[in-house]
1. As an exercise: evaluate B:ARG65 against (1) among the basic types (Lys, Arg); (2) more than 8 Å from every other protein chain (Cβ to nearest Cβ); (3) surrounded by fewer than 24 Cβ atoms within 10 Å (Cβ to Cβ); (4) in contact with an Asp or Glu (Cβ under 8 Å, 6 or more places away or on another chain) and give the number of the one condition it does not meet.
2. Please work out which residue is farthest from A:TYR42 (Cα to Cα), limiting yourself to segment A:78-115 and to residues that are of a type in the set (Gly, Ala, Ser), within 15 Å of the chain's Cα centre (by Cα) and at the interface with chain B (Cβ under 8 Å from one of its Cβ atoms).
3. Just checking, does segment B:16-28 include any residue being surrounded by 22 or more Cβ atoms within 10 Å (Cβ to Cβ) and at negative phi?
4. Using beta carbons and a limit of 7 Å, which pairs, at least six apart or on different chains, have the first residue in segment B:75-90 and of a type in the set (Asp, Glu) and the second one not in a loop (DSSP other than H, G, I, E, B)?
5. Which residue out of A:ALA71, A:ALA118, A:ALA98 is at pLDDT 95 or above and over 18 Å from B:GLU75 (Cβ atoms)?
6. Within segment A:11-31, track down each residue that is touching a residue at least 40 places away in the same chain (Cβ under 8 Å) and more than 9 Å from chain B (Cβ to nearest Cβ).
7. Give the residues of segment A:37-50 that are within 8 Å of another protein chain (Cβ to nearest Cβ) and in contact (Cβ under 8 Å) with a residue 60 or more places away in the chain, sorted by residue number.
8. Which condition from (1) surrounded by fewer than 16 Cβ atoms within 10 Å (Cβ to Cβ); (2) assigned to a helix (DSSP H, G or I) is the one that A:ALA43 breaks?
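The values are calculated or read from the model by the stated rules, or taken from the named source; none is laboratory data. Computed from a prediction, not measured in an experiment: that's the story for all the values here. Cβ placement follows ideal geometry from the backbone for every residue including glycine, while neighbour counts extend to all protein chains displayed.
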Amino acid sequence: MAIDPPIVPTSRHSLAVERLRRSVLGGPGQTDPDLRRQVAAYANELWRAGKTDLPLPDELRPYLDKVTLAAYKVTDEDVENLRNGGFSDDEILELTLACAVGCGLGTLGAGLAVVGEA
Amino acid sequence: MRLSILHDGHAEAERQGLEEWERLAGPPSDVSLALAYRPDFFGDPLNAWIDGALRGESEWSSGDRELMGSFTAHEHRCPFCTGAHAAVASLTFGDERVGAVLADPDAAPEGLRAALGFISKLVSDPAGLGRQDAEPMRAAGVDRAGLEDVVNIAAIFVVMTRFANAMGFEGTDEEFAREAEGLSVTGYAEWRGEPSDPETNR
């Protein structure tokens, strides 16, 4: 089942945002785009609400929780653990970016919702 | 950087681009290296978004917007993005003013101060954000487009600080200052084949 992060309200920069969303969450890569969208949806909800029940592979959760909520705490060991779990550097990169973009879409969603006309 | 592919895994075309960059402006920073890796996937679309939000037409000056970016990065404890964009903002405002605003956003003039307060709430308590949090910006005369710019800048730095911190970007003030000078010439979108218009610096 494909999971997508929520639709974001439009703004004057929506075309650029859409280009980025399509590339990172849907473009060709080493990881399945369905997994990238799942990561983005998970990060989006976790970032906005501080918790989420959305599914995510267990082996990714510790790293992506950290990237979402406190990326400054990521260590060399966190990345090494993913490598030891069988993820290539390109896969780690793509999933990190999917997570970051999910948080960015969450920021747009939360921010644009309150700046509209009264 | 934690992933060596971002340092030296570039395809031939990007490697040549980086060598050309180095001849013109010195060694590329970690962010330049990272955005040049598989640029179709992330770097090019990201730079297009940044170019529109930080350099496109806006009621905010580029210096204001760079300072908003640096402030957002500061809120995320991302020394790389804070320093890199403080260096760009300093070209407009000077190091002292930029440092003062990062240390205390109340030191900023009214409109910018309102924007920084909004960003701080947005990135620390998105679930608690309400229309009232945008009121100080509206009271300072910021229009709808200006409000959208602020939200987009915050979102850009929510993305970039996670990328930079997770990947372990490092840089020095000297490198930030050098790259800020280069950026003031090229803009964000140029070096990957999307030339800036010298008339508008876009």
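1. Going through (1) among the basic types (Lys, Arg); (2) more than 8 Å from every other protein chain (Cβ to nearest Cβ); (3) surrounded by fewer than 24 Cβ atoms within 10 Å (Cβ to Cβ); (4) in contact with an Asp or Glu (Cβ under 8 Å, 6 or more places away or on another chain) one by one, B:ARG65 breaks only (3).
2. A:GLY104
3. no
4. B:GLU75/B:SER120; B:GLU75/B:VAL123; B:GLU75/B:SER124
5. A:ALA98
6. A:LEU25, A:GLN30, A:THR31
7. A:TRP47, A:ARG48
8. (1)
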